[in-house]
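The values are calculated or read from the model by the stated rules, or taken from the named source; none is laboratory data. As the structure is a computational prediction, the values presented were derived from the model and not from experiment. Note: ideal-geometry Cβ built from the backbone for every residue, glycine included; neighbour counts use all protein chains shown. Just the protein is used for accessible areas: all its heavy atoms, side chains included, with ligands, DNA and RNA removed. Shrake-Rupley method; radii C 1.70, N 1.55, O 1.52, S 1.80 Å.
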There are 2 protein chains.
Amino acid sequence: MDKQVRLVTQSPSAYSYPLLLKQLLHTPIIYNPDQEIVYRDSLRYTYKDLYARINRLASALTSMGVKPGDTVAVLDWDSHRYLESFFAIPMIGAVLHTVNIRLSPEQILFTMNHAEDKVVLVHEDFLPIIDAIRPHLKTVETYILLKEGPEKPATSVPLAAEYEEMLTQAVDSFDFPEFDENAKATTFYTTGTTGDPKGVYYSHRQLVLHTLGMAISLSGFSGPGRFQSADIYMPITPMFHVHAWGVPFVATVLGAKHVYPGRYEPAMLLKLLQTEKVTFSHCVPTILHMILTSPAAKDVDLNGWKVIIGGSALPRGLAKLALERGIQIYTGYGMSETCPLLTLATVQSHMVDWDMERQLDIRTKTGLPVPLVNIRVQDVVSEKEVPKDGRTPGEIVVRAPWLTQGYFKEPEKSEELWGGGWLHTGDIANVDPSGYLQITDRLKDVIKTGGEWISSLYLESLISQHEAVSEVAVVGIPDEKWGERPLAMVVPKPDFKDTLSGDSLKSFLQKFVDDGSVSKWGIPDNFVIVDQIPKTSVGKLDKKVIKKRVAEGIK
Amino acid sequence: MDKQVRLVTQSPSAYSYPLLLKQLLHTPIIYNPDQEIVYRDSLRYTYKDLYARINRLASALTSMGVKPGDTVAVLDWDSHRYLESFFAIPMIGAVLHTVNIRLSPEQILFTMNHAEDKVVLVHEDFLPIIDAIRPHLKTVETYILLKEGPEKPATSVPLAAEYEEMLTQAVDSFDFPEFDENAKATTFYTTGTTGDPKGVYYSHRQLVLHTLGMAISLSGFSGPGRFQSADIYMPITPMFHVHAWGVPFVATVLGAKHVYPGRYEPAMLLKLLQTEKVTFSHCVPTILHMILTSPAAKDVDLNGWKVIIGGSALPRGLAKLALERGIQIYTGYGMSETCPLLTLATVQSHMVDWDMERQLDIRTKTGLPVPLVNIRVQDVVSEKEVPKDGRTPGEIVVRAPWLTQGYFKEPEKSEELWGGGWLHTGDIANVDPSGYLQITDRLKDVIKTGGEWISSLYLESLISQHEAVSEVAVVGIPDEKWGERPLAMVVPKPDFKDTLSGDSLKSFLQKFVDDGSVSKWGIPDNFVIVDQIPKTSVGKLDKKVIKKRVAEGIK
């Protein structure tokens, strides 16, 4: 694909109907024209307005010279503007580059040059970054300002327009073209543990099919936690991160109310949860942890809030905390390379009456595959499917209609991702007799000690159950005798800041050795008590940095 | 397409993932292996068994010489065998011909020759038909018997195998090939008002997308009447009729329990409703009418049963009768040429507390478009979209990913179906401000009297509200002075068999003239009281036959 977006202005025949993002808008605009889109406490408008604004944005960009195949970058907090860009930019045949604003300026520069961004929509908060890297941006021709208040920010970035003014001046109807459903619609960058960020990209067909598959998975399976049209949706996963996991597209096709929180501040998030009566969200564990432990959370009724946790495994301790607040919490699993959704830890209707511990077992599982997804857990060496016994580990490999075709301009890395027709996730998991997957580790994070494989994730879930533990990360550190030995980095809860010790953790873990849950070689030798654990730009534990710090002698 | 099914044994590239029916089976077999499939009161097995039997059927047919592109016909009542055929036959790349067993032997012969059936799976009840037409079947090479009991039926049809024996002898694993998603998967024949039956056909891609769109429409919209995984599904629409409207595919991808009733007998249907605790069905109005008015229905609790009515408009009287029994009844709309689903009269959660009359208004509407469907109601002459005022009539034209590409070997008739890139349904409708469509008539059934257009469907709905009326059909009959005049054919309820008169109906209708619901020219001059109204093979009012009978002087 790359730059060769094939465009035809007419269908090849009367009956052909390529899958294009514009089709997701056909029905909600008809049957729910007055449904609301809310941005923080500063703006609310209707689906009818959304559709008019998508048309205006398309008109404005086109009149600025944006053509099918061009790439348009967005640097913004989570907003209605981002939602408009999700549709308008791909719908004119251009490619939306959702820039990861948490990367370093050098990495942002790399991604914008690599993606060949032509037009940039930039929020005033990120003007300093753009200003700093601007001399090195090779392909950008136009900058458009996104801003909150009436004031124009002081900047030397040459701004061609301001978003709201531009929309006001544009016409509110645009004749969106028909084109090949395999045309590239979006791109963004994933930061691996080594090397430069890699560009992932998705076509209209893939995004439409992901929306349909996810919608069925979220709404079609009886039980709590379902997402349906009467829900009120607020993403707390950045919109630059795999299109906020694609859920804004699902919310739109269902005609649900959207609430966008802008920058993530616990007070604003809690306020929106209350005032807008949000019922459905998704986030990484650290964000939910931040919300639940913020002082203001005590006074907010969170009962019935449905939250999907992804990005990292859902720690059992956090799941328990959420369940005790009445939150319908469960896990979703996927990767940047998989659009992302592959599985959901669906709580089925017959499980509703299960006791807390069994509920936690299900809700913290990796989940059941989403319709159309073909998942295999296979032995790393023999590539044979492992038995569904809830124990035998293997690598998750997958086929689905929405897997990235590879990394942009990186054919060699793309080949590493695919093997034998399957995308290799690098995740180690088992499958229980009911079909639920359970990831036990990343292939690269498994700790190999004295010939035994110890799961760092499993150790983290055990340690997280200690009453004094707020957060934990386990890594393997080089050991001359055993190859590797586990080390745990632990953040204590505020009340235990001065009292938590490695010895108390060690003796806490002994009971899991006694009951056979873990071998005695699995108990870490070292516990490092810290104020915070290094995280990646999307809030995951950054094990690369942790290992580096340990090597530098943090303990 | 026709016979040129393009097949490739390998994906064109590692990441390609053509949409094929086999993918609908990936997830339910994993997460609901023990879910049940029930056939009448004679058989029940699990999804795991279903999958094994699909594999066996594919193995058996292949070893009999069925090749990709060949057509395999099925003549059966609604059964687990039919469900197996829905998957196994297309999954080997062959084409499933679902033969309409209610057609005349001559028409069946025509369709089987026209579709070029090579292998025929025939239920013992239909052996006499096959025996009679066999000398004229030009392409059939193999007959396979489907039967209920242990006895072999006496027949001179040369049977190559018996279904159950054949499955027992076949291996239970089959390597289902990958091929072009546009490969033809199914075909069946639609009987128009004139000429021979016309062959409609659907590809794997179309059936998969229809399944996804329908699943979201059925499960994603909050309110009563939703279809989710915990529902128990029993179709009461023949499986030869547009794949029982495609719902068996939806039920399968959701992993719901299926119940197949075989031949439609009220006693068996009511028994299965009770013993299997059926919660979700769909049928034409006449079937529900037959069930609700059968003597045994009085003793059966039908509360909570969800029923979609399609094939014909849902009469308000029948809807009321159903609602009074606690049945969540609403309308679905589509055609043989549209796979079929286009709209559903979804009762949204904010409508649940509406009173009976407002509920009836919504439930008897034609409905809201299904996700991805692009519907336009346009003036017949100017082709401009009509205003959403709930009054102005226009023709429904549609684009969607699952519209038939035309009629098999009938390029001229195919061209009539499509115009300006839209499929023309021939249905006249209006759209209300909430987006709900309401069909008022067939373009060809509108009665043109004295320069005025009178809707035959609307008159039927008014007359059906008379306490003595069981069923009604209104047609236009030629009139020298006015062009056409409406005539109503009425079946009285049993208690009013001897008392219902045309005069009482005429004076009943006067109140609708008085309140402006209908013009005085709209009141039929003639009312014909009959024991039954002629129906088509799929249970619709057969207005062609009614007009013919009237012309022959029935009154």
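So, with +1 on the Cβ of K and R and -1 on the Cβ of D and E, and no other charges, what is the size of the charge dipole of the protein assembly as shown about its Cα centre, to the nearest 20 debye? Walk me through the numbers before you get to the answer.
Numbers: 114 positive and 134 negative charges, 19 e Å.
Computed about the Cα centre, the dipole is about 100 debye.
Among B:398, B:74, B:94, which residue has its Cα positioned farthest towards the positive end of the charge dipole of chain B, with +1 placed on the Cβ of Lys and Arg, -1 on the Cβ of Asp and Glu, and the dipole taken about the Cα centre?
The Cα lying farthest towards the positive end belongs to B:398.
Checking the cross-link filter: which lysines have an alpha carbon closer than 21 Å to that of residue A:388, excluding same-chain neighbours under 8 positions apart?
Counting by Cα, and skipping residues close in sequence, residue A:388 has these lysines nearby: A:365, B:48.
Any idea of residue A:490's accessible area? Nearest 10 Å², probe 1.4 Å.
0
Please grab the % of Cα pairs in chain B that end up more than 33 Å from each other. Mind showing how you got there, number by number?
Working: 65362 of 153735 pairs.
For chain B, the share of Cα pairs beyond 33 Å comes to 43 percent.
Calculate, for the protein assembly as shown, the solvent-accessible area per residue in square angstrom, rolling a 1.4 angstrom probe over the heavy atoms of the protein chains. Display every interim value, and only then the final one.
Values: 41790 Å² over 1110 residues.
Dividing the accessible area of the protein assembly as shown by its residue count gives 38 Å².
If packing is taken as the mean number of other Cβ atoms within 10 Å per residue, what is the order of B:248-257, A:40-49, highest first? Numbers along the way, then the final one.
Values: B:248-257: 25.3, A:40-49: 15.4.
Peptide ranking by packing, descending: B:248-257, A:40-49.
Hey, what angle do you get for helix B:47-63 against the long axis of chain B, alpha-carbon based, 0 to 90 degrees rounded to 10?
The answer is roughly 70 degrees.
Rounded to the nearest 10 degrees, what's the angle between the helix B:204-219 long axis and the longest principal axis of chain B, both from Cα atoms, 0 to 90?
Between helix and principal axis, roughly 50 degrees.
Do you know the relative contact order of the range B:450-555, to the nearest whole percent, from alpha carbon pairs under 8 angstrom that are 6+ apart?
Values: 140 pairs, mean separation 27.3, N = 106.
Computed over the range B:450-555, the figure is 26 percent.
Using a 1.4 Å probe and counting only protein heavy atoms, how much accessible surface gets buried when A and B come together, both sides summed, in Å² to the nearest 100? Don't skip to the answer; put the middle values down first.
On the way: alone 23090 and 23100 Å², together 41790 Å².
When A and B are taken together, about 4400 Å² of accessible area is lost.
Quick one: check the C-alpha center-to-center distance for the range A:424-490 versus the range A:499-535, whole angstrom.
Going from one Cα centre to the other spans 12 Å.
Kindly rank B:463-474, A:376-387 from highest to lowest mean number of other beta carbons found within 10 Å of each residue.
Working: B:463-474: 20.7, A:376-387: 14.2.
So the order, starting with the most tightly packed, is B:463-474, A:376-387.
Could you point to the residue in A:168, A:209, A:153 farthest towards the positive end of the range A:138-228's charge dipole, with +1 and -1 charges on the Cβ of Lys/Arg and Asp/Glu respectively?
Result: A:209.
How high is the relative contact order of the range A:21-283, in percent, with contacts defined as C-alpha pairs under 8 Å that are six or more residues apart?
Working: 481 pairs, mean separation 61.3, N = 263.
This gives 23 percent for the range A:21-283.
Given the pairs A:493/A:547; B:320/B:544; B:147/B:497, which are separated by over 30 angstrom at their Cα positions? Don't jump to the answer; show the numbers that get you there.
Numbers: A:493/A:547 23 Å; B:320/B:544 28 Å; B:147/B:497 41 Å.
Over 30 Å Cα-Cα: B:147/B:497.
At a threshold of 8 angstrom on Cα-Cα distance, excluding pairs fewer than six apart, so keeping six or more, what relative contact order does chain B reach in percent? Don't skip to the answer; put the middle values down first.
Numbers: 1130 pairs, mean separation 59.4, N = 555.
Relative contact order, chain B: 11 percent.
Where the only charges are on Cβ atoms (+1 Lys, Arg; -1 Asp, Glu), what is the dipole of chain B about its Cα centre, to the nearest 20 debye? Intermediate results must be reported in sequence, preceding the final value.
On the way: 57 positive and 67 negative charges, 56 e Å.
Using Cβ point charges on Lys, Arg, Asp and Glu, chain B gives about 280 debye.
Excluding residue A:386 itself, what net charge comes from residues whose Cβ is under 15 Å from its Cβ, given Lys and Arg +1 and Asp and Glu -1? It would help to have the intermediate numbers written out before the result.
On the way: positive: A:376, A:384, A:388, A:391; negative: A:379, A:383, A:385, A:389, A:395, A:427, A:432, A:441.
Once positives and negatives cancel, what remains is -4.
How much of the accessible area of chain A, probe 1.4 Å, is carbon plus sulfur, in whole percent?
Details: 10490 of 20900 Å².
Answer for chain A: carbon and sulfur cover 50 percent of the accessible area.
Count charges around residue A:287 for me, please; just the other residues with Cβ under 14 Å from its Cβ, Lys/Arg as +1, Asp/Glu as -1. Could you put the intermediate results ahead of the total?
Values: positive: A:102, A:263, A:535, A:540; negative: A:78, A:265, A:471.
With Lys, Arg at +1 and Asp, Glu at -1, the neighbours total +1.
Would you mind giving the mean number of other chain beta-carbons within 10 Å of the Cβ of each residue in A:249-256, as a whole number?
Numbers: counts 0, 2, 0, 0, 5, 5, 6, 3.
For this peptide, the per-residue mean of nearby foreign Cβ atoms is 3.
Taking each residue in B:400-407, count the Cβ atoms of any other chain within 10 Å of its Cβ, then average. What number comes out? Present the calculation step by step, with values, prior to reporting the outcome.
Working: counts 4, 8, 1, 4, 1, 4, 3, 0.
Across B:400-407, the average partner-chain Cβ count within 10 Å equals 3.
If a/c stays under 1.5 just call it rounded; otherwise compare a/b with b/c (prolate if a/b is bigger, oblate if not). Do that for the range A:450-555, with a ≥ b ≥ c from the square roots of the Cα gyration tensor eigenvalues.
Values: a/c = 1.60, a/b = 1.07, b/c = 1.50.
Since a/c reaches 1.5 but b/c is at least a/b, the shape of the range A:450-555 is classed as oblate.
Residues of the range B:370-384 losing 30 Å² or more of accessible surface, assembly versus chain alone, probe 1.4 Å, please list them.
B:371, B:372, B:374
Counting Lys +1, Arg +1, Asp -1, Glu -1, what net charge surrounds residue B:265 among other residues with beta carbon under 14 Å of its beta carbon? List each step's numbers first, then the result.
On the way: positive: B:40, B:263, B:271; negative: B:41, B:78, B:125, B:148.
Spelling it out: positives minus negatives among the neighbours equals -1.
Can you classify the range A:73-137 as rounded, prolate or oblate using the Cα gyration tensor, where a ≥ b ≥ c are the square roots of its eigenvalues, rounded means a/c under 1.5, and otherwise it's prolate if a/b beats b/c and oblate if not? Can you show the working numbers first?
Numbers: a/c = 2.17, a/b = 1.42, b/c = 1.53.
Judged from the Cα gyration tensor, the range A:73-137 comes out oblate (a/c at least 1.5, b/c at or above a/b).
Could you state the number of Å between the C-alpha centres of the range B:222-244 and the range A:299-359?
29
Summing -39500 (n - 2.57) over the DSSP H runs of n ≥ 4 in the protein assembly as shown and dividing by its residue number, what mean residue ellipticity at 222 nm do you reach, to the nearest 500 deg cm²/dmol?
On the way: 34 runs with 320 residues, N = 1110.
After summing the helix terms and dividing by residue count, I get -8500 deg cm²/dmol.
Excluding residues on the same chain fewer than 8 positions from residue B:184, give the lysines whose Cα lies under 22 Å from its Cα.
Partners found: B:3, B:22, B:67, B:118, B:138, B:198, B:409, B:413.
Considering every residue in B:16-28, what mean count of other chain Cβ atoms within 10 Å of its Cβ is obtained? Before the final figure, lay out the partial values.
Details: counts 6, 12, 1, 5, 1, 0, 1, 8, 2, 1, 9, 13, 2.
Per residue, the number of nearby Cβ atoms from other chains is 5 on average.
Which three extents, in whole angstrom, do the alpha-carbon atoms of the protein assembly as shown cover along their principal axes, largest first?
Dimensions of the protein assembly as shown along the principal axes of its Cα atoms: 103, 71, 53 Å.
Which order do the peptides A:111-124, B:159-172 come out in when sorted by mean C-beta neighbours inside 10 angstrom, highest first? Don't skip to the answer; put the middle values down first.
Working: A:111-124: 22.4, B:159-172: 15.8.
Top of the packing list down: A:111-124, B:159-172.
Compute the accessible area of each residue in the range A:205-235 twice, once for its chain alone and once with every protein chain present, using a 1.4 Å probe on heavy atoms, and list those whose area falls by at least 20 Å².
Residues shielded by partner chains are A:205, A:209, A:212, A:216, A:219, A:220, A:221, A:222, A:228, A:229, A:230.
Per-residue accessible area for residue A:422 at 1.4 Å probe radius, Å² rounded to 10?
Accessible area of residue A:422: about 50 Å².
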